[in-house]
Amino acid sequence: MKKKFNQVYRFKISLLGIRPPIWRRIQVPETYTFWDLHVAIQDVMGWADYHLHEFGITSPENGEKVRIGIPEENFDKKVLPGWKQKIADYFSQENEKADYVYDFGDNWEHIIKLEKILPREENIKYPIYIKGRRACPPEDCGGIGGYYNLLEIIKNPNHEEYEEMLDWFGGEFDPERFDVEEVSFDDPVKRRKIAFG
């Protein structure tokens with residue numbers, strides 16, 4: 001059963017360290033957990049959700065930074081389970097930013113900024129995509145350095161790694177192209193069941 005909600009949170013998600021910027025703007029229900037937000041970010045950015053992730057945000061209760069994601073027994077730091085933490089308990093106009101890291105190997109760092117809290121519009125199925133720029137880097141390309149290396153290789157058809165690189169990510173890659181038609185949002189509950197059983 002879907003939870004009822006009256007407000008939506010409009011976020012801008014910006015990938016750090018790459019110029020020109022890669023970003024997306026979305027609206028999600030106020031009832032979302034951080035897990036739900038993670039799934040929406042994965043879907044709208046174009047990531048494949050193959051790797052771990054983590055949010056960092058200031059707790060309004062004590063002003064300390066908390067980590068929210070998937071708790072791992074092998075790590076020393078305490079990570080709160082994202083599916084138990086509601087975005088409405090953390091984000092506000094006074095506490096508008098969070099960090100989001102995806103793939104601790106490639107270390108894709110994002111800034112999540114709450115831009116507005118808006119009334120829900122009738123006849124709209126949330127979450128929704130509003131706007132965005134540029135293609136997301138290919139999964140497992142080696143972080144920012146690997147991404148820039150990839151761009152250099154695919155600009156030069158005479159490069160010795162050109163064909164290999166095209167084969168690796170399955171054909172053409174246009175870093176300037178972001179196709180809104182390819183955005184579709186998964187059900188976060190189903191995604192969690194698939195991930196954790």
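The sole residue among Tyr50, Tyr90 that is more than 25 Å from Glu121 (Cβ to Cβ) and in contact (Cβ under 8 Å) with a residue 24 or more places away in the chain is Tyr50. Only one entry of Lys131, Lys97 meets the criterion of being in contact (Cβ under 8 Å) with a residue 40 or more places away in the chain, closer than 17 Å to Glu54 by Cα and in contact with a strand residue (DSSP E or B) (Cβ under 9 Å, 6 or more places away or on another chain), and that entry is Lys97. If you go through segment 160-197 and pick out every residue that is of a type in the set (A, V, I, L, M, F, W, C), within 20 Å of Ile130 (Cα to Cα) and surrounded by 15 or more Cβ atoms within 10 Å (Cβ to Cβ), you end up with 3.
Each row is one residue, and each column tells you yes or no for (1) in contact with a helix residue (DSSP H, G or I) (Cβ under 7 Å, 6 or more places away or on another chain); (2) surrounded by fewer than 19 Cβ atoms within 10 Å (Cβ to Cβ); (3) modelled with pLDDT of 95 or more.
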{"position": "Phe55", "(1), (2), (3)": "yes, no, yes"}
{"position": "Pro71", "(1), (2), (3)": "no, yes, no"}
{"position": "Lys86", "(1), (2), (3)": "no, yes, yes"}
{"position": "Ser92", "(1), (2), (3)": "no, yes, yes"}
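Against the list (1) buried (at least 16 other Cβ atoms within 10 Å of the Cβ); (2) without any contact (Cβ under 8 Å) to a residue 60 or more places away in the chain; (3) more than 19 Å from Val28 (Cβ to Cβ); (4) of a type in the set (A, V, I, L, M, F, W, C), the condition Phe104 fails is (1). Restricting attention to segment 148-186, the residues that are without any contact (Cβ under 8 Å) to a residue 24 or more places away in the chain, among the acidic types (Asp, Glu) and closer than 26 Å to His38 by Cα add up to 2. Scanning segment 114-159 for residues that are among the aromatic types (Phe, Trp, Tyr) and either more than 18 Å from Asn6 (Cβ to Cβ) or surrounded by fewer than 18 Cβ atoms within 10 Å (Cβ to Cβ) (or both) returns Tyr129, Tyr147, Tyr148. Scanning segment 42-66 for residues that are within 13 Å of Asp103 (Cα to Cα) and of a type outside the set (Phe, Trp, Tyr) yields Gln42, Ala48, Asp49, His51, Leu52, His53, Glu54.
Screening Glu121, Glu94, Glu152, Glu176 for residues that are in a helix (DSSP H, G or I) and among the acidic types (Asp, Glu) leaves exactly one candidate, Glu152.
This table checks each residue for (1) in a loop (DSSP other than H, G, I, E, B); (2) under 23 Å from Pro21 (Cα atoms); (3) not aromatic (Phe, Trp, Tyr).
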{"site": "Leu114", "(1), (2), (3)": "no, yes, yes"}
{"site": "Lys131", "(1), (2), (3)": "no, yes, yes"}
{"site": "Cys136", "(1), (2), (3)": "yes, yes, yes"}
{"site": "Asp186", "(1), (2), (3)": "yes, no, yes"}
{"site": "Lys190", "(1), (2), (3)": "no, no, yes"}
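Assess whether Tyr162 counts as being aromatic (Phe, Trp, Tyr) and under 18 Å from the mean Cα position of the chain (by Cα). When the stated conditions are applied, Tyr162 does not pass them.
The values are calculated or read from the model by the stated rules, or taken from the named source; none is laboratory data. It should be emphasised that the depicted structure is a prediction, and the values quoted were computed from it without experimental measurement. Note that each Cβ is placed from the backbone with ideal geometry, even for glycine, and that neighbours are counted across all protein chains shown.
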